[in-house]
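What follows is a short report on a single structure.
The values are calculated or read from the model by the stated rules, or taken from the named source; none is laboratory data. Owing to the predicted nature of the structure, the values given are computational and were not obtained by experimental measurement. These area figures cover heavy atoms from the full protein model, side chains too; ligands, DNA and RNA do not enter into them. Shrake-Rupley method; radii C 1.70, N 1.55, O 1.52, S 1.80 Å.
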Amino acid sequence: MIRRPTTTEGCQADPRELLCRVPVHPEFKYIANMHGNEVLGRELLLKLADYLCDQYNAGDEEVMRLVNLSRIHLLPSMNPDGWQIATDTGGQDYLIGRSNNHSVDLNRNFPDLDRIMFGNEESHIEHNNHLLEQVDRLSEPIQPETRAVMRLIMSVPFVLSANLHGGDLVANYPYDTSRSGAMTEYTSSPDDQTFKNLALSYANLHKSMSSPDRKGCGYDGYNFGKQRGITNGAAWYSVQGGMQDFNYLSSNDFEITLELGCDKYPSQDVLEKEWEDNKEALMHYMWQVHIGVKGQVKDAETGKPLANAVIHVKNVTGGRDDDIQHDVTSGQSGYHRQGQTLNNVFYCNKCGYI
């Protein structure tokens, strides 16, 4: 259900009517290998690109529908220099090749928008999205790889994405940074339930990610399958400057992080099995880009599409009336708002319109 707002506070007088409708094709992305020594995601995305092209040409109905209804972006390696270093040194060290050629961890190098979001919450400031304009300082220089991905995020209206890593087997969802500054603390986003469902959509289709009986990873051997193969990022360990939360707080994009296995640099002979373990989950997660509401915001008189209209959501499932404090904005090509609760009301608002 979509409703127009009843006020135009802070906007120009003589508002015109606003239309919020017309389906659009949503944008999806997978990015892998931002830690250069975590290579399975890189290999899976190269295989996925081949699979999508081959199956499309072969007339596979599911693949043809997915490709025809979506715009899919695949970046197999965000950190090719790190990958080269890891490969040249045998790929068996837990840290060599993780950082880029300037020894910077790219998943700590994005502007810290969590700090801004939590500050806005404490100050009761309602600005809850597209926070990049509020950045007033950086903890370190933005690296070339980070800058390139930031430009991609800000130039393409992504709806859904995942960042592929290695070292454990779990689907990780926002927030990655704890509110209090604690090293481990469950820190929910306004879309916590939607993010849980997105993480489960991958974990449940992976061959073993959600299994409580599989072997765990790491020094303590913990098995995230005991919690259905998913975790809140900050509840696991708090990360500042990560790409996952940057996507959510700088744009309309909902991103999760996929840890694809205990072995960061698996041998060639296991890649086919890893593909079979992940193929169904990779496909199913891409389909989630179509969950929610999508459309185009237009001027009712001229029919011209309007950018920067605000899409606000209320969860009214089971008699609730809860504002979800994370808005998205429309672009010239339209909007898409992720949402996986049973019953939502969506509001469109733009200055100068009613």
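Cross-link check: pairs LYS29/LYS264; LYS47/LYS226; LYS279/LYS314; LYS196/LYS226; LYS273/LYS294 evaluated at a Cα-Cα cut-off of 26 Å; pairs beyond the cut-off: LYS47/LYS226; LYS279/LYS314; LYS273/LYS294. Considering only alpha-carbon pairs that sit under 8 angstrom and 6 or more positions apart, the relative contact order computed for the chain is 26 percent. What region 82-189 shows is 48 Å² of accessible area per residue, with the surface traced by a 1.4 Å probe over protein heavy atoms.
Within the chain, which complete DSSP H helices have Cα atoms spanning at least 24 Å along the helix axis and a mean Kyte-Doolittle hydropathy of -1.0 or higher? Kindly include the intermediate steps, with their values, before the conclusion.
Working: long enough: 40-57 (26 Å, -0.10).
Span-like helices here: 40-57.
With the helix formula -39500 (n - 2.57) applied to DSSP H stretches of n ≥ 4, the chain reaches a computed 222 nm mean residue ellipticity of -8500 deg cm²/dmol. Using a cutoff of 8 angstrom between alpha carbon atoms and counting only pairs six or more residues apart, the relative contact order for region 236-332 works out to 18 percent.
At a 1.4 Å probe radius, carbon and sulfur cover how many percent of the accessible area of the chain?
C and S atoms contribute 49 percent here.
For ALA32, the residues whose modelled amide H falls within less than 5 Å of its own, excluding neighbours fewer than 5 places apart on the same chain, are LEU75, SER77, MET78, LEU164. Taking amide H as placed 1.01 Å from N in the peptide plane, GLY331 has its amide H under 5 Å from the amide H of ASN308, each at least 5 places away in sequence or on another chain.
Determine by what factor the alpha-carbon radius of gyration of region 89-170 differs from 2.2 N^0.38 Å, reporting the quotient. If you can, show how the numbers build up before the last one.
Working: Rg = 15.8 Å, N = 82, 2.2 N^0.38 = 11.7 Å.
Compactness ratio reported: 1.35.
Solvent-accessible area per residue in region 224-285 equals 34 Å², computed with a 1.4 angstrom probe and all protein chains kept.
So what is the relative contact order of region 107-172, in percent, for Cα pairs below 8 Å that sit 6 or more residues apart? Write down the numbers at each step before the final one.
On the way: 24 pairs, mean separation 22.5, N = 66.
Contact order relative to length: 34 percent.
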